[in-house]
1. Examine the range C:301-324 for a residue that is within 29 Å of A:Met103 (Cα to Cα), buried (at least 20 other Cβ atoms within 10 Å of the Cβ) and in contact with a strand residue (DSSP E or B) (Cβ under 7 Å, 6 or more places away or on another chain), and state whether such a residue exists.
2. Take the conditions surrounded by fewer than 19 Cβ atoms within 10 Å (Cβ to Cβ), within 14 Å of another protein chain (Cβ to nearest Cβ) and modelled with pLDDT of 95 or more and apply them to A:Glu89. Does it pass?
3. Identify all residues within the range A:166-182 that are surrounded by fewer than 24 Cβ atoms within 10 Å (Cβ to Cβ) and either over 29 Å from A:Thr198 (Cβ atoms) or of a type in the set (D, E, K, R) (or both); write none if there are none.
4. Being among the polar types (S, T, N, Q) and in contact with a Ser or Thr (Cβ under 8 Å, 6 or more places away or on another chain) is the filter here; which residues of the range C:126-158 pass it?
5. Please state which one of A:Leu403, A:Leu414 is over 24 Å from the mean Cα position of the chain (by Cα), surrounded by 13 or more Cβ atoms within 10 Å (Cβ to Cβ) and under 30 Å from A:Val503 (Cβ atoms).
6. Could we say that C:Lys80 is in contact (Cβ under 8 Å) with a residue 60 or more places away in the chain and within 30 Å of C:Asp175 (Cβ to Cβ) here?
7. Condition (residue is in a helix (DSSP H, G or I), basic (Lys, Arg) and more than 7 Å from chain C (Cβ to nearest Cβ)) applied to the range B:67-83: is it met by at least one residue?
8. Look through A:Glu240, A:Glu176 and report the one residue that is within 14 Å of another protein chain (Cβ to nearest Cβ), within 30 Å of A:Glu358 (Cα to Cα) and either assigned to a helix (DSSP H, G or I) or not aromatic (Phe, Trp, Tyr) (or both).
Amino acid sequence: MTVRDDVQLDLSYDSVVRRFAPVIGLETHVELGTVSKMFCGCSTEFGAEPNTHTCPVCLGLPGALPVVNAKAIEYTIRIGLALNCSIAEWCRFARKNYFYPDMPKNFQISQYDEPLCVDGHLDVVVEGQTYRVGIERVHMEEDTGKNTHVGGATGRIHGAEYSLVDFNRAGIPLIEIVTKPVEGTGPLAPEVAKAYVTELRDILRSLGVSDVKMEQGSLRCDVNTSLSPIGVSEWGTRTETKNVNSLRSVERAVRSEIIRQAAILDRGGKIKQETRHFQETTGETRSGRSKEEATDYRYFPEPDLVPVAPARDWVAEIRASLPELPAARRTRLKSELGLSTEDLQQMVNAGVVEAVGETVQAGASATEARNWWMGYLAEQANSREVEPTSLPITPAQVARVILLVADGKLSTALARQAVDGVLQTGKDVDAIVAERGLAVVSDTSELTRAADEAIAANPDVADKVRGGKVAAVGALVGAVMKATRGQADAPAVRQILLQQLGVSE
Amino acid sequence: MSDERPTLTRDEVAHLAQLARLAVTDDELDLFAGQLDVILGAVARIGDVAAADIPPTSHAVPLQNVFRADEVRPSLPREDVLAGAPAVEDSRFRVPQILGEEE
Amino acid sequence: MTQLHELDAASTAAAIASGEVSAIEVTQAHLDRITAVDGDVRAFLHVDTEGALAAANAVDEQRSAGAALGPLAGVPLAMKDVVVTKGLPTTSGSKILEGWVPPYDATVTRRVLDAGIVMLGKTNMDEFAMGSSTENSAYHPTHNPWDLSRVPGGSSGGSAAAVAAFEAPLSIGTDTGGSIRQPAAVTGIVGHKPTYGAVSRYGLIAFSSSLDQAGPFGRTVLDAALLHEVIAGPDPLDSTSIPQPGPDVVAAARQGARGDLAGVRVGVVRELTGAGGGYQQGVLDCFRAAVDTLAGLGAEIVEVSCPNFDYALAAYYLIAPSECSSNLARFDGVRYGLRVGDDGSHSLEEVMSLTREQGFGAEVKRRIMIGTYALSSGYYDAYYGQAQKVRTLIARDFAAAFTAVDVLVSPTSPFVAFGIGERVADPMAMYVNDLCTLPASLAGTPAISVPCGLSDETGPALPVGLQIMAPAMADDRCYRVGAAFEAAYTAANGFILKQISQLGAVR
């Protein structure tokens, strides 16, 4: 095969997707929200001191044996049902054998050819178009421990002098959700990928089976991408991109991998089937160092565990207990809140539909809930580079702020201060309001005194206003607001200032 | 006996040792290549039992759905966890430089 | 007068319960016996003098406080080193675990200690229970008390030799393919492999998870039954543990000792009686005599055929290595045990490989590689998958046989104890020791070995074992028939261990 260096094809994304059709696939790992681990009674709590949530089982000590957490099975069935899967009448765990220091037994208990849930689907909407993403399987496994790489510049494995292993995470129940190959998305492949992960995350959250925090690693995504020239029906060679740790990265990773592969194919090159790693900083994927040997996991049925055969009436019971899922809730919210399709789509894109719905459920008005999540909270999330729903504030807390404003107890400015306080300290709204003395000052004599002081301090502005330039009063309002630390009601201050200056509108 | 299996070569034994993380010596490669071949020859007759329709047995007494409740039980004291470790730093297990990629 | 270390477990417990002797005296007598003979036998890897005396003292205090004692309280026991013991070194006979002190107890350990049994120490074994001679111990071979130049069988050779040499009246072994029954046979004692799942595997360092099972050794069938009762029963820590309580094996042993087997149908397995050669004549002679004895007790003798037993060896030497290749992956020098080559010049991958290379002995490495091969992509169906189907066929042979008979019998091993070093160079010659014990292992059914005579075919008179096999969950049948045979044999020939000529032990 000749590799041509001389050809200069247009590698802009728009051009690339006119020539190639992408096929994507996603493998999503989700840590389940059980209180104890998959196969032992150690706590799953995040952030504990290293190696304090470990026991003979999750440390892989000689002689220790696993016992399956019933809740993890139930949660997996919930997920399978929500993703329209069939629940296996009988399935087994299998051992996946490979050596790695974060894996205590040097095999992972997983499921191989007999997963618990198979053959489902999830519909996502992108630009008004519905795409059905097929679900190949949902299977159970255990998480690994965590390596910290010491020495070297980057804290990455490459160049490190040695590594330190903490097994607190080892054995936390993990499920893997594998899609079927997704075709026919054309240029929207990155958006469909992101919409799928977003929808999946919202479903998992509504099911109450995981805290789905991508930044804490409780939801992790691997993205498979391949290209074939338009008109060619066979798929190209696929790559698997790991380390995709935010919704935004899902989209970026697919986009950059499409461009990278197109550049190779354009030059007559071949795509190497490999694992690549997404780089948050550059938005590109980097090749993993290739292994000397092809991986041979030597799967076989886990002899320390017995088969799982969920009783049909148990499955029916779980199905009956499923909550309203995001798609249904969206339809309901759309009509209840009187949203336009565009409004709803904007909220979906911002990933706040669930949050808005829950905020309304907690007593806020729909408009205010929407404004807060799409406005101030979205800005805060943006500046922290997290999703709005990952902010340390709950819909109930947002609703409380909205109610305080509605009752006239907080101004908008004060309400933002209250939100800032919650975000900073994690305390409750009322605690922040009390602690920081956030309250609208409605005592007229106090405001009048502040107005007089502002007038005295800014004689030239006062003269302008007296001279008829009423708009200039804004500067005085600002001074009063500053003096009262934002606790005054701005329209009231304006009235008092105009009154003191003897001017009417 | 229906041992139609190709003989196990020295290279194949070296590959198995690599998969199993055993830094076998050259002498061992020679010894094991011969011995493994004899053993695999002896067990190859397992293929004589035509058993396409026979279900496999994994456990003598068939059990299913053995679960534990999702309840937190005490973990080991950390000093016990780390007591047997060849190397420890910052309450973690210290290991030499890892060459392979993260899985 | 009989010395304390010569008493069986039942008599010892009775003497302690009645106040005739103290548990401390009993324990001290056994510690003295160990001091006197273990230099020759080398059954122990670790003797816990202090812990044993403290446990004995606790029993004495309980007794003087008027507390009810368990049926084996104060009786000494030797524990196979494959069983995890909190605070006591546990190596599984391997260098890779040298110096490891577990932070937890196996369920078997817990039950033994809770019963007031006094654990004297940990016994030698083939490394990770892989072997039939205890020569694969990374530490030293153990010598057969009948002839110190010979092996005590294996892999539970230390536990068997300790009981045969009167160093302990009871011991715990584990049996994956015959590792309790074969050493019991070649040392002239009783050893029982319970139904798979009857005894918890939690804390047994796994060799082959779907086959491993712990069980008792004793010098009498009743003693073995008493210990069986202590260690058996459901355990929530082992998913493969049978959730129902097992049969009353002690009552069965007592019933059997009355010597009546009228109405009991005994099947002689044609495939395990040396029709194709390969069995020592002395072994076959003892076995034939034993079958006659059973007939004399009123049992109905039937010959049965179990054709698929011929495939047991092949199936076993695929399943056990496959599972062990995975089970032993955890020994990598990261969290416990040996680490080799961590000098700054080797990567973790190299350190793991050097550690495992130096930490494991030849037989362990051989089996890990066979298992790695058998599980590799492309071979799984032909090997592991096929072997699991053969288990079904063997289980069906048993099921068919048990429609016609109550128990099956065979020699426990085709051979008497062989010389140390005689078979180490030829793995296959070693593997055939397990020919008779493998079917019950693969089917998960219970089987006991009871001494049934002496053979001088290879030199000195050496013990031969009778294997009695029963259906799953019917361990009581093994004990009943075993006890009946034992009573008849002893009545006719005297207590077999009295014929040990070495160690100046028994009068």
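The values are calculated or read from the model by the stated rules, or taken from the named source; none is laboratory data. None of the values given here were measured: they were computed from a predicted structure. Using ideal geometry, Cβ is built from the backbone for each residue, glycine included, and neighbour counts are taken over all protein chains shown.
1. yes
2. Values: surrounded by fewer than 19 Cβ atoms within 10 Å (Cβ to Cβ): yes; within 14 Å of another protein chain (Cβ to nearest Cβ): yes; modelled with pLDDT of 95 or more: yes.
So A:Glu89 fits the description; yes.
3. Hits for the range A:166-182 are A:Asp166, A:Arg169, A:Glu176, A:Lys180.
4. Taking the range C:126-158 as the starting set, the residues that turn out to be among the polar types (S, T, N, Q) are C:132-134, C:136-137, C:142, C:144, C:149, C:155-156.
The answer is C:Ser132, C:Thr134, C:Asn136, C:Thr142, C:Asn144, C:Ser155, C:Ser156.
5. Residue meeting the stated conditions: A:Leu414.
6. For C:Lys80, the condition - in contact (Cβ under 8 Å) with a residue 60 or more places away in the chain and within 30 Å of C:Asp175 (Cβ to Cβ) - is met.
7. yes
8. Answer to the selection: A:Glu176.
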